[in-house]
Amino acid sequence: MNSNTIDAMSSSGPTHKQQAHTAEAFPEEQLPEGITETEEEKKKCWFVGSIDQGTTSTRFIIFNGHGEPVASHQIEFENKYPKSGWHEHDPQELCQSVEVCIKEAVEKFRSQGFPVSKIRSVGITNQRETTVLWDKNTGEPLYNAVVWADTRTTSLVRDLKARPGADKLQDKCGLPLSTYPSSVKLLWLIENVESVRKAYEEQRLAFGTVDSWLIYRLNGGHEREGGSVHVTDSTNASRTMFMNLRTLDYDDELLSFFNIDRAKLVLPKIVPSSHPTAFGSLARGCLKGVPIAGCLGDQSSALVGQCGFTPGQAKNTYGTGCFLLYNIGHEPVISTAGLLTTVAYDFGDGRKPVYALEGSIAVAGSGIKFLQNNLTFIEAASEVDTLAKTVKDNGGVVFVTAFSGLFAPYWIDDAKGTLCMLLLSFSLFTPGHGSTNCFSLVGITQHTEKGHIIRATLEATCHQTAAILDAMAADSGHALEKLAVDGGLSNSEICMQTQADLSGIPVDRPAMRETTALGAAIAAGLATGVWNELDELKHVNIKGRKVFHPQLGVDERRKKHRRWERAVEMSRGWVRDEDDE
């Protein structure tokens, strides 16, 4: 849902003034003596802001006490790709995008007659693993932010896997060694960027994921009276490989494995995801003084926004990548089927932390962007279904979208994108040389149309999701009964029906799909009295949900699965250092 849609929805309902007038029309004697408004009315008149800082865009959404969006603004920013496999952001531009979105959304909020004083707090949700380094003395970034999907660390990861103790890491931190987590990005930057290495040796290097960087800057940075605010929550910290899942604190053995000296690196303090004071408050702008009271990594935030508070509930977010979280309760379970273990949320205030199994897919919406920007198949992502409907199926084409290797449950760092025509009795195998190719073409014929490749791209995400669901069933001992979905690609009717067909379970899509932003708002609202307990949220975002039921037979589903697995095997081994050639 874009900001215009949200604003249209909000403007069609009564304004704050109209609500007040409506309340006056009902005599107060309908309420108990001495009470002039119900608890429902009180919730309605409080609002929570949510900063949603993603991989390709930033947005700020203001929700009311029923979890309904009333105003928003979104802007895109530049994604930098200086070399093949490298992916960066300008840290300053991330901060500027947040400030612009807050300003514009608040103006829209005011224009509807709402007073800014009714915004009780702000939550933050962010792209995880993306690593920002800055000088603790000046507050200036020392390098571009290295994005979670960046694969420059491939050879470094290969070396780390050979170190003693590498096989013990996942038991402590929940993550396997890959190009994915922040730890390997930090290590690469210390080893390869002079300004970073010098700051590290001089003990002035500050480290953080995007949440830490934004909180630091929104509080005023190093100029803040009383000292800077340098914190992170446990959902983000659990993506660094530095935090022990059971203690929710930094682990000396984990840091030692990566040769990180804590005396030389300023790490953010790990705090609960919901807290009235730990994240400080906005230092300037139209919301100056409003507390930042919630913080969740984007995928954990989406689970919270889907109200996945019960063990066994799961959600899949179809964004730039694709991320499936499965609530496993208060004890971490280390996967034996290629999944990650992460902190789902930690709301503090005497509540126990909740953990999740996670399957991560590197390419989802970015696969559509590839077809749009690189191959010019479409002019806008909204055209996907239209073009897919020009053909009845994928025409035998299978597309392994391994632009950043393959994540769960495969964890193949040396895979490259492979486009296969697997129905042929022969294949035309003409890959380019080296690791700079985005994908290799195998057996494409004159029969192949754009619609076939569009469908194959959508199916790549759905096949990987189905594989993750199988892995979750293996780890948990039982299969999911339903999958809640959100994210941009969930707007595709064909993709969601394909997901139900390939996974064999119903897919449940809400009408209001800004669940990631809603999760951060819930975390902030819980800390500031908008909501007091999770039970109060059971009616949030339940209107207009659509369920896609499987329409594919079991035999046909298994046939498609076998074909996909063959294509995955063909994608292996394409990324090698020149010395390995």
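The values are calculated or read from the model by the stated rules, or taken from the named source; none is laboratory data. Quick caveat: nothing in here was measured; it's all calculated off a predicted structure. Backbone-built Cβ (ideal geometry, glycine too); neighbour counts: all protein chains shown. Side chains included, ligands, DNA and RNA excluded: accessible areas come from the protein's heavy atoms. Shrake-Rupley method; radii C 1.70, N 1.55, O 1.52, S 1.80 Å.
Name the single residue, out of those in region 74-111 being part of a loop (DSSP other than H, G, I, E, B) and open to solvent by 70 Å² or more (accessible area, probe 1.4 Å), that is farthest from residue 60 (Cα to Cα). Per the criteria, the residue is 83. Residues of region 267-276 that are within 14 Å of residue 227 (Cα to Cα) and open to solvent by 40 Å² or more (accessible area, probe 1.4 Å): 269 alone. Of all the criteria given as (1) within 25 Å of residue 541 (Cα to Cα); (2) buried (at least 20 other Cβ atoms within 10 Å of the Cβ); (3) of a type outside the set (A, V, I, L, M), the one not satisfied by residue 335 is (1). Taking the criterion of being crowded, with 20+ Cβ neighbours inside 10 Å and in contact with a Pro (Cβ under 8 Å, 6 or more places away or on another chain), would at least one residue in region 553-572 satisfy it? No.
Residue 113 is checked against (1) touching a residue at least 40 places away in the same chain (Cβ under 8 Å); (2) at negative phi and fails just one. What number does that condition carry? Failed condition: (2).
Cβ-Cβ contacts under 9 Å between residues 6 or more apart (or on different chains), taken from a first residue in region 75-103 that is within 17 Å of residue 374 (Cα to Cα) to a second residue that is assigned to a helix (DSSP H, G or I), are listed as 78/93; 85/154. Quick check on residue 182: is it in contact (Cβ under 8 Å) with a residue 40 or more places away in the chain and within 24 Å of residue 136 (Cβ to Cβ)? In short, yes. Quick check: is even one residue across region 349-371 polar (S, T, N, Q) and closer than 15 Å to residue 476 by Cβ? Within region 349-371, none of the residues are polar (S, T, N, Q) and closer than 15 Å to residue 476 by Cβ.
For residue 508, indicate whether it is buried (at least 16 other Cβ atoms within 10 Å of the Cβ) and either modelled with pLDDT of 90 or more or of a type in the set (Ser, Thr, Tyr) (or both). In short, yes.
For residue 536, state whether it is surrounded by fewer than 22 Cβ atoms within 10 Å (Cβ to Cβ), out of contact with any His (no Cβ under 8 Å at 6 or more places or on another chain) and modelled with pLDDT of 85 or more. Taking the combined requirement at face value, the residue satisfies it. For residues in region 293-315 being out of contact with any helix residue (DSSP H, G or I) (no Cβ under 6 Å at 6 or more places or on another chain) and surrounded by 24 or more Cβ atoms within 10 Å (Cβ to Cβ), which is nearest to residue 147 (Cα to Cα)? Looking at residues that are out of contact with any helix residue (DSSP H, G or I) (no Cβ under 6 Å at 6 or more places or on another chain) and surrounded by 24 or more Cβ atoms within 10 Å (Cβ to Cβ), I get 299. What pairs come out if I take residues in region 264-290 that are on the phi > 0 side of the Ramachandran plot and pair them with residues that are open to solvent by 30 Å² or more (accessible area, probe 1.4 Å) and not charged (D, E, K, R) whose C-beta lies under 8 Å away, six or more apart or interchain? What qualifies is 280/291; 289/281.
Tallying residues that are of a type in the set (Gly, Ala, Ser) and either touching a helix residue (DSSP H, G or I) at 6+ places or on another chain (Cβ under 7 Å) or within 11 Å of residue 458 (Cβ to Cβ) (or both) within region 359-378 yields 4. Selection over region 231-262 of residues that are farther than 23 Å from residue 166 by Cα and either of a type in the set (Val, Ile, Thr) or open to solvent by 30 Å² or more (accessible area, probe 1.4 Å) (or both) gives a count of 2.
When 211, 252 are checked against the criterion of being free of Cβ contacts under 8 Å to residues at least 60 places away in the same chain and either touching a Lys or Arg at 6+ places or on another chain (Cβ under 9 Å) or over 30 Å from residue 519 (Cα atoms) (or both), a single residue qualifies: 252. One residue stands out in region 378-393 among those that are outside any helix (DSSP H, G or I) and surrounded by 17 or more Cβ atoms within 10 Å (Cβ to Cβ): the one that is nearest to the chain's Cα centre (by Cα), namely 378.
Residues in region 259-289 that are of a type in the set (A, V, I, L, M, F, W, C), within 25 Å of the chain's Cα centre (by Cα) and outside any strand (DSSP E or B): 267, 278, 279, 282. Out of region 194-204, which residues are touching a Phe, Trp or Tyr at 6+ places or on another chain (Cβ under 8 Å) and surrounded by 17 or more Cβ atoms within 10 Å (Cβ to Cβ)? Selection gives 196 alone. The condition of being touching a helix residue (DSSP H, G or I) at 6+ places or on another chain (Cβ under 7 Å) and within 23 Å of residue 196 (Cβ to Cβ) does not hold for residue 222. Picking from residues in region 112-163 that are of a type in the set (Val, Ile, Thr), over 28 Å from residue 227 (Cα atoms) and in contact with a helix residue (DSSP H, G or I) (Cβ under 8 Å, 6 or more places away or on another chain), the one that is surrounded by the fewest Cβ atoms within 10 Å (Cβ to Cβ) is 157.
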